[in-house]
There are 2 protein chains.
Amino acid sequence: MADLWEVISDSNRRQLVQLLGQGEKTVTQLSAHFPVSRSAISQHLLFLVDVGLIRARKEGRNRYYSLNPEGVSKLQGLFERFWTNELDLLVAEAEQLHHNKGEM
Amino acid sequence: MADLWEVISDSNRRQLVQLLGQGEKTVTQLSAHFPVSRSAISQHLLFLVDVGLIRARKEGRNRYYSLNPEGVSKLQGLFERFWTNELDLLVAEAEQLHHNKGEM
DNA sequence: CGAATGCGTTAGCGTACGCTAACCTATTCA
DNA sequence: TGAATAGGTTAGCGTACGCTAACGCATTCG
């Protein structure tokens, strides 16, 4: 199966996730936000379904896509496991550096 | 310039970031953790330097790589901006689903 | 000094990715 | 019933990616 990390390596896919965060949408509605073809968006959506991040509901001739809470949760899990305590410490360090700069 | 998102789209690069979270390391030390060639690791490191996530310090014939706090901070910023409130709500929803399952 | 070590550089290879174009199916509407 | 709409499917294209192999350049050590 495809890698969940791959989802967010592509800019269009990230934006699709964001758009679907607002609620379910059809392919045509989603496509309207992108310069690429509807086919390209459709392929991205199928990929997102494949990795379990979204799901589809059919109604008439429309297909409504929406985020799958379990998939979103899994994605968050990936992030959390990647973002170790050491990295957090470094971020705190960076903020302190900026703080000092601001005071000089 | 290269995209910071690209950093984490590759498994080896993610692991490099994790390893460097433990402290500065040479190319050879890092390479020891991977099945690919030292050259491949070197190229990944140069890429990470390019996007500002790590930096190098030369000492004798060794080059010590370490995380750049500012770069790490930027990466965290990307994550945070991507992870909208809507996604958080969905994760809470997913957890509630699991909770209910566990109680049944 | 010459050998060995650490590391960057480059060319080139295989492959996967993102996309378009063209086509096909299912559903709705006049 | 036929046209229009929504959307999945497939072939194929260009390109970028990750990697190896071979080499070059410092630096250290015997």
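The values are calculated or read from the model by the stated rules, or taken from the named source; none is laboratory data. Here the structure is a predicted model, which means the values were calculated and not measured. Please note: Cβ atoms are built from the backbone with ideal geometry, for glycine as well, and neighbour counts cover all protein chains shown. In case anyone asks, the SASA skips ligands and DNA or RNA and just uses the protein heavy atoms, side chains included. Shrake-Rupley method; radii C 1.70, N 1.55, O 1.52, S 1.80 Å.
Counting Lys and Arg as +1 and Asp and Glu as -1, each charge on the Cβ, what is the dipole of region B:4-103 about the Cα centre in debye, to the nearest 20?
It comes to approximately 860 debye.
Roughly how much accessible area, to the nearest 100 Å², goes out of reach of solvent when A and B pair up, both sides summed, probe 1.4 Å?
2900 Å²
If Lys and Arg each add +1 and Asp and Glu each add -1, what is the summed charge of the other residues whose beta carbon sits under 14 Å from the beta carbon of B:S31? Can you show the working numbers first?
On the way: positive: B:R13, B:K25, B:R38, B:R63; negative: none.
So the surrounding residues net to +4.
Enumerate the calculated ³J(HN,Hα) couplings along region B:28-43 in order (Karplus 6.51 cos²θ - 1.76 cosθ + 1.60, θ = phi - 60°), each rounded to whole Hz, writing x wherever the residue is Gly or Pro.
5, 4, 5, 4, 4, 8, 10, x, 8, 5, 4, 4, 4, 5, 4, 5
Under a GNM of chain A (C-alpha, springs under 10 Å), which listed residue has the highest mean-square fluctuation: A:L45, A:L89, A:L16?
Among A:L45, A:L89, A:L16, the largest mean-square fluctuation in the Gaussian network model of chain A belongs to A:L89.
Counting only helical runs of four or more DSSP H residues, what would the 222 nm mean residue ellipticity of chain A come to if each run contributes -39,500 (n - 2.57) and the total is spread over all its residues?
Result for chain A: -19000 deg cm²/dmol, rounded to the nearest 500.
Counting alpha carbon pairs within less than 8 Å and at least 6 residues apart, what relative contact order, in whole percent, applies to region A:40-104? Walk me through the numbers on the way to the answer.
On the way: 31 pairs, mean separation 12.1, N = 65.
About 19 percent, as a whole number.
So, with +1 on the Cβ of K and R and -1 on the Cβ of D and E, and no other charges, what is the size of the charge dipole of region B:1-56 about its Cα centre, to the nearest 20 debye?
Details: 5 positive and 5 negative charges, 43 e Å.
Dipole about the Cα centre, nearest 20: 200 debye.
Please compute the length gained on full extension between B:Q43 and B:N62, using 0.36 nm multiplied by the number of residues separating them and subtracting their Cα-Cα distance.
5.2 nm
I need the inter-copy label distances for B:S42: point set 7 Å along Cα to C-beta, values in nm with one decimal, smallest first.
4.7
Round to the nearest 0.05 the FRET efficiency obtained for A:F79 and B:L97 when R0 = 30 Å and r is the Cβ-Cβ distance. Present the calculation step by step, with values, prior to reporting the outcome.
On the way: r = 20 Å, r/R0 = 0.66.
After rounding, the FRET efficiency stands at 0.90.
Mind checking A:59-69 for the average number of partner chain beta-carbons within 10 Å of each residue's beta-carbon?
Counting Cβ atoms of other protein chains within 10 Å of each residue's Cβ and averaging gives 2.
Write down the Kirkwood hydrodynamic radius of region B:4-103, to one decimal in angstroms, obtained as one divided by the mean of 1/r over all alpha carbon pairs. Before the final figure, lay out the partial values.
On the way: mean 1/r = 0.0647 Å⁻¹.
The Cα-based Kirkwood calculation yields 15.5 Å.
Got a number for carbon plus sulfur as a percent of region A:4-103's accessible area, 1.4 Å probe? Spell out each step's value before the answer.
On the way: 2540 of 5570 Å².
C and S fraction of accessible area: 46 percent.
Determine the shielding of peptide A:79-90 by partner chains: average, over its residues, the number of Cβ atoms on other chains within 10 angstrom of each Cβ.
Numbers: counts 4, 0, 1, 7, 7, 4, 1, 8, 10, 3, 4, 12.
Average per residue, whole number: 5.
Can you give the convex hull volume of the alpha carbon atoms of the protein assembly as shown per residue, in Å³?
On the way: hull volume 37.5 nm³, N = 208.
Considering the Cα atoms of the protein assembly as shown, their hull volume per residue is 180 Å³.
So which residue of B has the beta-carbon closest to the axis that swings B onto A, and how many whole Å away?
Chain B residue with minimal Cβ-axis distance: B:S9, 2.
Taking only protein heavy atoms and a 1.4 Å probe, what accessible area per residue, in Å², does the protein assembly as shown have with all protein chains in place?
With the other protein chains kept in place, the protein assembly as shown gives 58 Å² per residue.
Taking the label point 7 Å from Cα in the Cβ direction, how far apart in nm is B:A2 from each other copy of itself, listed shortest first?
2.3
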